[in-house]
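The values are calculated or read from the model by the stated rules, or taken from the named source; none is laboratory data. Just so it is clear, the model here is predicted, and its values are computed rather than measured. Counting neighbours? That spans all protein chains shown, and the Cβs are built from the backbone with ideal geometry, glycine included. Accessible surface areas use protein heavy atoms only, side chains included; no ligands, DNA or RNA. Shrake-Rupley method; radii C 1.70, N 1.55, O 1.52, S 1.80 Å.
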Amino acid sequence: MSMLYPTPYDVIVIGGGHAGTEAALAAARSGARTLLLTHNIETIGQMSCNPAIGGIGKGHLVKEIDALGGAMAHAADRAGIQWRTLNASKGPAVRATRCQADRDLYKAAIRAIVEGQPNLDLFQQAVDDLVIEHGQVRGVITQMGLRFATRRVVLTAGTFLAGKIHIGPAQYAGGRAGDPPATTLAQRLRELPVAAERLKTGTPPRIARDSIDFSQLEEQPGDQPMPVFSYLGSQAEHPRQVSCWIAHTSEHTHQLIRDGLDRSPLYTGQIEGTGPRYCPSIEDKVVRFADKSSHQIFIEPEGLNTREIYPNGISTSLPFDVQLALVRSIKGFEQAHITRPGYAIEYDYFDPRGLQPWLETRAIEGLYFAGQINGTTGYEEAAAQGLLAGLNAARASRDEAPWYPGRDEAYLGVLVDDLTSNGTLEPYRMFTSRAEYRLHLREDNADLRLTAIGYRLGVVPEARYQALQAKQEAIERESARLRGLWASPGNALGAELAEHLDLTVSRETHALDLLRRPGIGYRQLAGVPGIQAPVLDPAVTEQVEVQIKYAGYLERQREEIERQRRHETTAIPPGFDYEAVRGLSAEVLLKLKQAMPATVGQASRIGGVTPAAISLLLVHLKRRS
Ligand code: FAD
């Protein structure tokens, strides 16, 4: 069959995973007539691996997606069955929200949001081909030969492109367990001028809950009060809460793994793709950290209505007999029954240096890539890219200029800059340490950083924007009120502070300034009668506190951002002769020549390119001009 679908679309998104759903939603929210084309409508929003959202760096991305009107935080609020704030005792920059999610509830929440989105149509069918004419996208063709016309395609095929699953020596084609691979499309993409390579990732075996002896494990209940992901969300949306558990591997487990390595596809050379450094398989951990006699495993429920358990920390592609033996060697798992074997998957990804920072391919106009196919790993990284790509595809369909945030504005900016400037040779995941301005890029202020921008871009609805304005006003009002309350050694407030907080003021000080003192937070201050604290949203009082407590550091970082910004856009001419720059080391020279950065900002972020080398480059560029 060959038929042209009668309605053209402004944007077509291929893939209904985390990147695809956010891409389609963002495009449709901004007003583009959008089609989401995916293998199977039932798997929209499916979590391929760990049923959890957030964590350090990743939670920051979820908040940013939410601040830009995306779906992930809402879905997590409706699906989170165990909530935690990681790094709760550390500074606000590295505090991060994480929830264990009920896999079915999460999928249902995403599906409901997608189905409720105006301007967005769904169609179930594998895409086998892209229509490209004169270097520009013109449409897509599905498995049954149906052609859809469009000038903007966002490809978000995840681990499906030429996906190959490995369990011990056994290997077969698959997009993830239970789903077909996208082989025809992968072949077609390999004919295009986009550089494809292989990566791999893996997942642990799942275990029947009733076959585990929980009395041998350490219980890990969630935090109270429960955190919330969306700025517009509430704890009332969270379903029933359950505990997670902690177990440990032993020397015996490690010996079983070592004995099985000769049949491990990772070590026999059967798997060629590089795996995720920060989420390694258990066989990788045992080999790389040979001196460790035990590794922690988080025992996580897959959901409220399933008896399956996800043992986080033993991802493996060892043969099934080794998987069973290693699982049963863990205390509490002696009788364990595996319901699904662990496996590794190899898939095609594309060198993200072939992308513009707004995720359009440099080679083909109108073709955008987002998610795992850009070399990242994780739902949050995929979703954030999807939102950016969908938003920009929609903008391009209206001939509007592309938008992307800078490294000083959002983790999303760090993510796309890292990928498009440096590329990646292993699955890339987000960490707070990747951001140089992390004190500015906190979870608690993603809405203050991005929602007004999102509103101007058309992806944030009016109600959310108004909620932001109300919050900003409340922060300013309360800060101003505290600034107007004076405590001095002789006055009533000074005496109350001494009585209630054991706090002495040696000179006249306003109440806002008191928040700079260590150990004094808004909550303590509000307990002093003379402060007359109004009842406020905790998100407001948190900002009042953080903004003043860290004002000095934030100011210094702002100055640094300004300094960097001046050089960020300083252009390096195409074909620039780095050999002519005096004093560059052989290593720096090689790296710059390989990467050929377009700006000094990009050059400064190439691994191994030192600030000293950047100074030499700047001096040279100045002399030339
Ligand atoms: P996906 O979620 O894979 O979605 C791709 C979508 O595209 C699917 O809906 C698919 O049906 C559709 N599709 C593909 N090709 C076509 C086509 N030709 N036509 C129509 N539709 C198509 N992340 C971690 O952070 N830690 C881990 O430990 C981890 N382990 C993983 C283990 C395994 C086995 C797998 C499969 C993934 C793992 N991940 C892990 C990665 C995580 O699942 C992905 O990062 C995330 O799902 C990527 O989102 P995505 O939207 O890019 O792709």
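Would you check which residues across the stretch 498-512 are in contact with a Lys or Arg (Cβ under 8 Å, 6 or more places away or on another chain) and either within 16 Å of Arg523 (Cα to Cα) or open to solvent by 100 Å² or more (accessible area, probe 1.4 Å) (or both) and list them? Hits for the stretch 498-512 are Leu503, Ala511, Leu512. For Ala112, the criteria (1) away from the ligand (no atom under 16 Å from the Cβ); (2) surrounded by 24 or more Cβ atoms within 10 Å (Cβ to Cβ); (3) part of a helix (DSSP H, G or I) hold in every case but one, which is (2).
Of the residues contained in the stretch 373-387, one or more are found to be more than 11 Å from the ligand (Cβ to nearest atom) and closer than 24 Å to Ala26 by Cα.
Once the stretch 321-363 is narrowed to residues that are in contact with a Pro (Cβ under 7 Å, 6 or more places away or on another chain) and under 20 Å from Gly163 (Cα atoms), the residue that is surrounded by the fewest Cβ atoms within 10 Å (Cβ to Cβ) is Arg340.
Determine whether Ile314 is within 16 Å of the ligand (Cβ to nearest atom), β-branched (Val, Ile, Thr) and part of a loop (DSSP other than H, G, I, E, B).
Working: within 16 Å of the ligand (Cβ to nearest atom): yes; β-branched (Val, Ile, Thr): yes; part of a loop (DSSP other than H, G, I, E, B): yes.
Yes, satisfied.
Step by step: first the residues of the stretch 572-619, then only those that are open to solvent by less than 70 Å² (accessible area, probe 1.4 Å) and in contact with a Gly (Cβ under 7 Å, 6 or more places away or on another chain), then the one that is farthest from Leu419 (Cα to Cα). Which residue is that? Reasoning before the result, please.
Taking the stretch 572-619 and keeping what is open to solvent by less than 70 Å² (accessible area, probe 1.4 Å), we get 572-573, 575-576, 578, 580-581, 583-585, 588-589, 591-592, 595, 597-610, 612-618.
Narrowing further to those that are in contact with a Gly (Cβ under 7 Å, 6 or more places away or on another chain): 588, 591, 616.
Working: Val588: 19, Lys591: 16, Leu616: 25 Å.
Result: Leu616.
With the condition being within 26 Å of Leu68 (Cβ to Cβ) and either under 35 Å from the mean Cα position of the chain (by Cα) or not charged (D, E, K, R) (or both), I'd like the helices (runs of 4 or more DSSP H) fully within the stretch 436-527 carrying at least 3 qualifying residues. Those helices (runs of 4 or more DSSP H) span 446-457, 462-483.
Can you confirm whether Gln564 is over 31 Å from the mean Cα position of the chain (by Cα) and among the polar types (S, T, N, Q)? No, not satisfied. Can you find a residue that is open to solvent by 20 Å² or more (accessible area, probe 1.4 Å) and within 16 Å of the ligand (Cβ to nearest atom) anywhere in the stretch 289-303? Yes - at least one qualifying residue is present in the stretch 289-303.
Report whether or not Val540 is farther than 30 Å from Arg624 by Cα and either open to solvent by 90 Å² or more (accessible area, probe 1.4 Å) or in contact with a Ser or Thr (Cβ under 6 Å, 6 or more places away or on another chain) (or both). For Val540, the condition - farther than 30 Å from Arg624 by Cα and either open to solvent by 90 Å² or more (accessible area, probe 1.4 Å) or in contact with a Ser or Thr (Cβ under 6 Å, 6 or more places away or on another chain) (or both) - is not met. The one condition from (1) away from the ligand (no atom under 16 Å from the Cβ); (2) at negative phi; (3) open to solvent by 10 Å² or more (accessible area, probe 1.4 Å) that Asp399 does not meet is (2). Contact map, the stretch 11-22: residues that are touching a residue at least 24 places away in the same chain (Cβ under 8 Å) paired with residues that are more than 8 Å from the ligand (Cβ to nearest atom) and among the aromatic types (Phe, Trp, Tyr), Cβ distance under 7 Å, separation 6+ or inter-chain. Pairs shown: Ile12/Phe148.
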